Every structure is written in structure tokens, then in C-alpha cells.
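Down below is the structure, laid out as C-alpha cells.
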Amino acid sequence: MMQWLLVMPIFIPLLTATACAFSFRKQSLSSVISWTGAIANLLVAILLIQTVISNGLQVTAFGDWKAPFGIVFVADLLSSSMVLITAIIGIAIVLYSTADLRSKPFYAIYHSLIHALLAGVMGSFLTGDIFNLYVFFEVMLITSFGLMVLGANKAQIDAAVKYVVLNLISTMVFLLAIGLLYGATGTLNMADLHAKVAELPDTTMMLISGLFLFGFAIKASAFPVFSWLPASYHHLPSAIVALYAALLTKVGVYALIRVFTIVFDLVDSGYQPLLIVIAGLTMLTGVLGAASQFNIKRILSFHIISQIGYMLMGLAIYTPLAITGAIFYIIHHIIVKANLFLIGGFLKRKQGSDNLRELGGAYSAMPWLALLFLIPAFSLAGFPPLSGFWGKFLVIKASLQTEEYLLAATALFVGLMTIYSMTKIWAEAFWKPLPENAPAPVTLSWKENCLYITPIAALAVITILIGFMVEPIYQLAETSAMNLLNPQPYINAVLGGDSISHTAPLSANGIAGGSH
Amino acid sequence: MEFLWCLVVGLMTACGVFLMLERHIVRFLFGMILVSNAINLAIFVAGRLTRGNPPLIASDALLPAAGYANPLPQALILTAIVIGFGLLLFTLLLAYRAIKELGTADMDKMQHAETEQ
């Protein structure tokens, strides 16, 4: 049973995706399948995190090929909480898109792709094998390509070209890094790599970890290599962009955190000063980019970049508190960002535009929506007691403790600028009267309103809950951070106590095979 | 032997990167194909090259004879080729569609996503 539990978060979405693909002629049937799949996934995710909390780390070796030889799935606290958040976002998006994309011709195939994407994301969180991580990245990538061009209008095709090209470069570099790492160590298992990487010559380690850093930085849209994100995200349908904003870049950050704690030690790899600079500049460019935009989706897209900076900042400082902050920030950000995009999408559906100049009067027309907007907006900017405040507080405190004053000042300034952007959306879309030439808002049926508002409200409630019940989430993040910085228990659990790896025939013979 | 292959990989990467710096989307794709094949070769070489020593275990031994060829990089490359093939197919179709829809193959002129509507 436990053996199966780890596979379920990938198996269920893949099964759902297949079922949706077969029922693409019947819209309502594919909606029902999609809902069922999303709910089943949430239940499994809850079961998984419960098991991990009560029984500790879970390992499944495929075909009983023991690590480090076979592929293993590992669910520690970090990956199982990421799986849970992914499942929550999955349900929210599936519900929302039932209303938002129903009229579109690609509706049924959309459900199929979105579940396959979720499978890729879940797999990236759960796998303990670095080549398997590559495979799940590819699953995620190819489905995200597919979702990107579903609408197939000029702008989307153009956006997709940029998205595809830059992500392919990242993929190639990632693959090269894995190949070289295997050539240097003879293993692909992350737990096994920990000890073997430490024995590598410094230059080799620096080269390989540099390639990983570059590859994942593109995925995470970090400072010099973020341009694919603001070039492509704003042409996606709202439900899809919310899913991308919540999950895709965060998988990149997750991979960075995983690889630079368990496989490489960030301090030993020599990239810590660079990553600190990258983190600061990522925050700054993101928020400055957002300040010049007048389209809700574009503002929010640039804010993804600036928020990624905070997470990278947590990793770059590399103290337990900082990593705790980074993990807390990821959890908070996934919920809040998805929510803001969903609200932007709802406004677009009502007014037919997400350009701030053509919007207005939403406060008087929908005061409850204004309230629902304020919660994630304030949380994003970091108002206490909402979730964003605690995330920012943790990483900034960690930066002050390590005397990175410039970085702390940047983080605070970026928080201030985030308020500016959120106020801009508030003032333009909600507060000012509707422009004279704007069309009258679309009236939606009661059912459609429900489908739009339920996920938005649910995510807002989760934001508030995280804000008021910081302690359990903080402890979860702290334990995860401790496990990452002191990975011995993880390694023992994966490799089965006294490490088999040193007597392994493959490594004993050396992959050069010449030493005997 | 490995040194020679390293040169080949380096040469392929150099050509690939040169093509990828072009503005024409099809040339870019050719460059991408070259680089991704160069990477596959790099994985192959990183697994070290041995001749005439298949990783087979003799019936009376527990381990294969020393100096055997490591089969894992081949498996990795095979996976990477399959994935790369799928991605390439998608990208080629996308490029074809982009040229038809946008009326240009020059990536500098592909500005439809950037303009404010």
C-alpha cells in the first residue's frame, strides 16, 4: 500500500489525462472525469502528507531495484507538501476552467493536457533520481507547449516561439549537466550523489553545478534569463496562466533548492555570491518591469519574477532560517499568485479586457470581488498578518543575520514597489469609474459565477489560514529546511542504512571500468 | 579516442551555437538539432569508450570482467533521443505555423506578442 502511495500522484493525473483524451467529444463527460481526477489527487496528496508526517520519509524503488541502481521515488516533508499544494491548485484550476474555457473548441483536449502537466509537476517533486527529474521536466515542458498553442492565434504562436526556444535551451543544458555528472560520479541517485560529488575536484564540480544553475535558472526565470516569461504568459487563457504562474517556475526553484542542498553544497560549489547577486537583481528587474505595465496579466507576470527573487534569496543565504523562509515563500506564493491570476481572468471575462485603461468600476459592481482581490494582493506585497508577510519576514531576517544588508534593503524596496503595482491594479480596475466607451460588463449565469468565485474564495481562505496559523506551516518549512541542510537521514533512508553504494559493483569497477 | 570525440562534440556545439545565433527561425532549429545531438554524444563519451567488452557476466562470475563498456549512458541517450525527437517535431511544426501565421521567419520581426492591444 505504502509502495503504491508514492506513485499515485503521478498515476492518477495520467489516467485522468488518458480518460479525458478518449472522451474529447463529450464536454460534460470530460469535465466530470477531470473533476474526479483532481479530487482523487487531492485525497491521495492528503494521505501522502499524513503518512510522511506520522511515519517519516517514504521511499519506493521501482521494480525493487534498490537505490542507487534503480529509480526511486522519495517523499519527504518538502516534496509531499509541494504535492499537496499542487493538488489544491489543480482542483482550483479545473473548477475555474470549467467556467472560463467551456465555450472554447479545445476544451476537452485542454483537460487532458492539464492533467498530464500536473503529472509532470508531481513527478518532479517526488523523484529521487536526477535523470528521472529530467524526464518529468520534459513531460511538464511538452504539455505546457501544447497548452500554450491551444488557442492558436497569431499572438499565442509568437509567444510560444519564445517560450519554446528558451525552454529548450534550458533543457539541453540540464541534460548536458546530468551527462557530465554521471560521467564524473557514476550515479544518478540524488542521495548517492551527495557523497560522491563531495569527492570531485573543485573545477569539475564548479563546471557541472554551474550548468545545473544555468538550466534551472531559466526554468525559474531568474535574472538574466527570465525574458521568456513576460514575453509569453500574458497571451494565455487565464486558467492556464494561473496554473503556469503557480507551478512551473516554482518547479525550477524547487529543483534548484533540491540540487543545491542534497547534491551540491551551495557554499562548496562556489556559486553562493553569484546567486546572491542573481536573487537581488531578479527581485529588482521583476518589480521594475511590472511598474511600467498596464495590463493585469503582464503586471502579474513580472511579479512572478520578482517573487522568484525572494525564494532564490532564501536559498542564496543558505542558513536554516533562510531556507525555511524560501520554502515558506514557495508555499505562500503558489496559492497567492494563482489567485491573483484567477481574479484577473474573472475581470477579463466580465469586461472583455485585462488592460487597466479599459477597466474600472469593479468595486461598485462587485464589492465582494474587491475584497477577494485585496487578500492576495496585500499578501503578495507582504502585509501582516497575511501569508506573504511571514515569508518576507523570514528571508529578510535571515539576510540581516548574515549581514547581507544590501540584499535586505533590496528585498524591502521590492516589497514597497509591489504595493505600488497592487495599488495600481486596485485604483485602475476597482476604484476608478468604468471608462465611458467601455462595453457593459457581461452578465454571467449563477452557475458560472459560482465556478469562477469558488476557487478564488477558497484560495483566499487558504491565504488567510496560512497567515493566522503560521506555526504549523513554519514548522513544516523548518523541518524541511533542516532535512535539506543535513541530508544524512534522507540519504540513509534512500540508500538503506549503511550505504550500499560503496560496495556497488558499478562504482567499484568505475564507470571507466579500467581500475580492476 | 575520447579526446577525438571531445573535439567532435566541441565542433558540433560550436556550429550549433553559431546557427542558433541566427535570426532565421529554421537556421536556429538546425543549430538546436546540432547542439542536442552534440549533447547526446557528450553523454556517450562521458560514459567512457571501450571496445569489444560487452557488459555481460560470465556464467561462473558475479561481476562482469573489468573494463566492460558501461551500458547506462546508452540508455540515457536513448531516452534523451526519444524525448528530443518529440520536442523537435513540436518545434518544427510550431516554426512552420509561425512562418505561415506571422508571415516572416525572422525572429526579430516576430513582435505580435509584445505589442499592446
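Odds and ends about this structure:
- Checking each residue in region A:437-480 for being in a loop (DSSP other than H, G, I, E, B) and without any contact (Cβ under 8 Å) to a residue 60 or more places away in the chain picks out A:437, A:440, A:443, A:445, A:469.
- Checklist (1) assigned to a helix (DSSP H, G or I); (2) within 28 Å of residue A:230 (Cβ to Cβ); (3) of a type in the set (A, V, I, L, M, F, W, C) applied to residue B:113, failing item: (1)
- Residue check for residue B:28: within 11 Å of chain A (Cβ to nearest Cβ), surrounded by 17 or more Cβ atoms within 10 Å (Cβ to Cβ) and closer than 30 Å to residue A:153 by Cα: yes
- Among the residues listed as A:199, A:138, the single one being closer than 18 Å to residue A:11 by Cα and either of a type in the set (Lys, Arg) or surrounded by fewer than 23 Cβ atoms within 10 Å (Cβ to Cβ) (or both): A:138
- Residues within region B:34-56 that are surrounded by fewer than 16 Cβ atoms within 10 Å (Cβ to Cβ) and either more than 9 Å from chain A (Cβ to nearest Cβ) or in contact (Cβ under 8 Å) with a residue 40 or more places away in the chain (or both), tallied: 5
- Check on residue A:195, away from chain B (no Cβ under 14 Å) and assigned to a helix (DSSP H, G or I): yes
- Here residue B:18 meets the list (1) more than 11 Å from every other protein chain (Cβ to nearest Cβ); (2) at pLDDT below 95 almost entirely, failing just condition (2).
- Some residue of region A:410-432 being more than 30 Å from residue A:31 (Cβ to Cβ) and not in a helix (DSSP H, G or I): yes
- Some residue of region A:163-183 being polar (S, T, N, Q), within 11 Å of chain B (Cβ to nearest Cβ) and not in a helix (DSSP H, G or I): no
- Members of region A:337-379 that are of a type in the set (Lys, Arg) and within 23 Å of the chain's Cα centre (by Cα): A:337
- Of all residues in region B:96-110 being in contact (Cβ under 8 Å) with a residue 12 or more places away in the chain and out of contact with any His (no Cβ under 8 Å at 6 or more places or on another chain), the one that is surrounded by the fewest Cβ atoms within 10 Å (Cβ to Cβ): B:108
- Here the condition is being among the polar types (S, T, N, Q) and under 22 Å from residue A:329 (Cα atoms); of A:27, A:58, A:50, it holds for A:50 alone.
- Residue in region A:92-135 that is surrounded by the fewest Cβ atoms within 10 Å (Cβ to Cβ), counting only those that are under 26 Å from residue B:84 (Cβ atoms) and of a type in the set (S, T, N, Q): A:132
- Verdict on residue B:76 being assigned to a helix (DSSP H, G or I), within 7 Å of chain A (Cβ to nearest Cβ) and surrounded by 13 or more Cβ atoms within 10 Å (Cβ to Cβ): yes
- Complete set of residues in region B:71-105 that are closer than 30 Å to residue A:187 by Cα, of a type outside the set (A, V, I, L, M) and out of contact with any Ser or Thr (no Cβ under 8 Å at 6 or more places or on another chain): B:71, B:73, B:74, B:79, B:85, B:86
- Total residues in region B:79-95, condition surrounded by 13 or more Cβ atoms within 10 Å (Cβ to Cβ), over 30 Å from residue B:47 (Cα atoms) and at the interface with chain A (Cβ under 10 Å from one of its Cβ atoms): 2
- Count of region A:247-305 residues which are aromatic (Phe, Trp, Tyr) and touching a strand residue (DSSP E or B) at 6+ places or on another chain (Cβ under 9 Å): 1
- Count of region A:261-288 residues which are assigned to a loop (DSSP other than H, G, I, E, B) and among the small types (Gly, Ala, Ser): 1
- Which numbered condition residue A:272 misses (of (1) farther than 22 Å from residue A:397 by Cβ; (2) out of contact with any Ser or Thr (no Cβ under 9 Å at 6 or more places or on another chain); (3) surrounded by fewer than 24 Cβ atoms within 10 Å (Cβ to Cβ); (4) not β-branched (Val, Ile, Thr)): (1)
- Count - residues of region B:11-69 that are at negative phi, of a type in the set (Gly, Ala, Ser) and either outside any helix (DSSP H, G or I) or in contact with a Leu (Cβ under 7 Å, 6 or more places away or on another chain) (or both): 11
- The residues on offer are A:123, A:210, A:146, A:128, and the sole one that is more than 27 Å from residue A:3 (Cα to Cα), in contact (Cβ under 8 Å) with a residue 60 or more places away in the chain and not polar (S, T, N, Q) is A:210.
The values are calculated or read from the model by the stated rules, or taken from the named source; none is laboratory data. Computed from a predicted model, the values in this text were never measured in an experiment. Quick reminder, even Gly has a Cβ in these numbers, built from the backbone with ideal geometry, and neighbours come from all protein chains shown.
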